[in-house]
Amino acid sequence: MSVDPVDIEARISKTGQQPPAGPRLTVKDFKGKVDPDWCPGCGDFGVLTALKQALVELNLHPHQVMTISGIGCSSNLPGYVSTYGMHTLHGRALAVATGAQLANHDLKIIVTGGDGDGYGIGGNHFIHSMRRNVDLTYIVMNNQIYGLTTGQISPTSTKGMKTKSTPAGSVENPIFPVSLAIAAGATYVARGYTGQVKHLVDLIKGGIQHKGFALIDAFSPCVTFNLDNTHEFFKHRTKKLEDMGHDPTDFAAAIQKSYEWGDEIPIGLFWKRDDLPTLDQLEQILDEGGPLARRPLGVAPDVAKSLIRELM
Ligand SMILES: Cc1ncc(C[n+]2csc(CCOP(=O)(O)OP(=O)(O)O)c2C)c(N)n1
Ligand code: SF4
Ligand SMILES: [Mg+2]
């Protein structure tokens, strides 16, 4: 994002509260400046629709939300939604998001990306953001493949899967992101399916309302490169945890359900706890005086201007 130099002075001297939200918006108000270039039928459309709907239902406005991504087909999402946005580096979205959340803990931070981006190259950031309980919502469009780079295996590809990079079938065991998230300290852990958008809207809304790290792993079929885990595959297998009588405060049951992968694959809220403080709540410097982004910088304007110019 480029910064208008004329604006810099106004920005660095800006203090006070965020503008009020105003009247309820519609999904159209969250339409981004560019249209998605995803393949027709790509599951990621379901996440985009669900996210915009969730923002409307929570009565949020674009200036209250920041969408941050890494690199991948799925990571193009911030360009397709009208909020503050950052398209960062492959695997680095959560690191940037942690900085953004601490700089302005009034913002709702939504991180979006793919299974390769988040669970592969970004796997380390994934674990440490959860252990820190950073207050953000992480939506992973899990298509069990690298889509953008045209079809290599990812950390969630199933064993035996034949792809461009594994012509004889993958020999690797996949990771179970839901189990990993529960074990690593995430405080809201859910899985959705883009073929069930209304259910996904509820999971995203729950994640945004939750104070703490919320993971929503969303099955989001890549119709071009993953011919195993298709809509047909998920349509008949996904079963809602709420219809199974699952209690999301039962740690042992959550772990057990998170490993189920067969004729029935659970979706819904696996795990939630509200008794752990978030990283911003633990940082004493954020206790008083509101978000850092709206406090006076404490340096001369010309120094601040030259620093911002150098960094942008
Ligand atoms: C440091 C770095 N390594 C590798 C790449 C190439 N690369 C771009 S996207 C991608 C994988 C994308 O897969 P995923 O995150 O699952 O997103 P999808 O396209 O499936 O939505 C890779 C390996 C890169 N851009 N940067
Ligand atoms: S290649 Fe796959 S993930 Fe990428 S836009 Fe097409 S269907 Fe979606
Ligand atoms: Mg992928």
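Taking only C-alpha pairs under 8 Å that are 6+ residues apart, what is the relative contact order of segment 13-153 in percent?
Relative contact order here is 22 percent.
Would you list T249, T158 from fewest to most Cβ contacts within 10 Å?
Fewest to most other Cβ atoms nearby, the residues stand as T249, T158.
Please arrange E232, E242 by counting, for each residue, the other beta carbons lying within 10 Å of its beta carbon, fewest first.
With the fewest neighbours first, E232, E242 line up as E232, E242.
What is the pair-distance distribution P(r) of segment 235-312, computed from all Cα-Cα distances in 10 Å bins starting at 0, with each bin given as a whole percent?
Calculated P(r), rounded to whole percents: 14, 25, 16, 14, 18, 12, 1.
Among P155, P301, P277, determine the one that fluctuates most according to a GNM of the chain built with springs between C-alpha atoms less than 10 Å apart.
With Cα springs under 10 Å in the chain, the top fluctuation among P155, P301, P277 is at P301.
Give me W261, W271 ranked fewest to most by other Cβ atoms within 10 Å of their Cβ, as a rough exposure proxy.
The fewest-first ordering by Cβ neighbours comes to W261, W271.
If you take the beta carbon distance between V197 and D302 as r and set R0 to 45 Å, what does 1/(1 + (r/R0)^6) give as a FRET efficiency, to the nearest 0.05?
My answer for the efficiency is 0.35.
If all Cα-Cα distances of segment 25-281 are sorted into 10 Å bins from 0 onward, what percent lands in each bin, rounded to whole numbers?
That works out to 8, 34, 39, 17, 2, 0, in percent per bin.
Among the lysines, select those whose C-alpha is under 16 Å from the C-alpha of K239, and discard any that sit fewer than 8 residues away in the same chain.
List returned: K198, K257.
Any idea what the relative contact order of the chain is, in percent, if you count C-alpha pairs under 8 Å spaced at least 6 apart?
So the answer I get is 19 percent.
For segment 61-136 and segment 243-312, what is the separation of their C-alpha centers, rounded to whole Å?
So the separation of the two Cα centres works out to 10 Å.
Using the Karplus equation 6.51 cos²θ - 1.76 cosθ + 1.60 (θ = phi - 60°), what ³J(HN,Hα) coupling, rounded to whole Hz, does each residue of segment 43-54 give in order, writing x for Gly and Pro?
x, 4, 4, x, 5, 4, 4, 5, 5, 4, 5, 4
Between T166 and D37, what's the calculated FRET efficiency when r is the beta-carbon distance and R0 is 41 Å? Round to 0.05.
0.95
Output the antiparallel fraction of DSSP beta bridges having both residues in the chain, as a percent to the nearest 5.
Close to 20 percent.
Would you grab the residues whose amide H sits under 5 Å from the one on Y193? Only those 5+ places off in sequence or on another chain, please, with H modelled 1.01 Å from N.
L200, F219
Just so you know, all these numbers are worked out from the coordinates, no wet-lab data involved. Keep in mind that this is a model prediction, so the values were computed, not measured. Every residue, glycine as well, gets a Cβ built from its backbone with ideal geometry; the counts of neighbours run over all protein chains shown.
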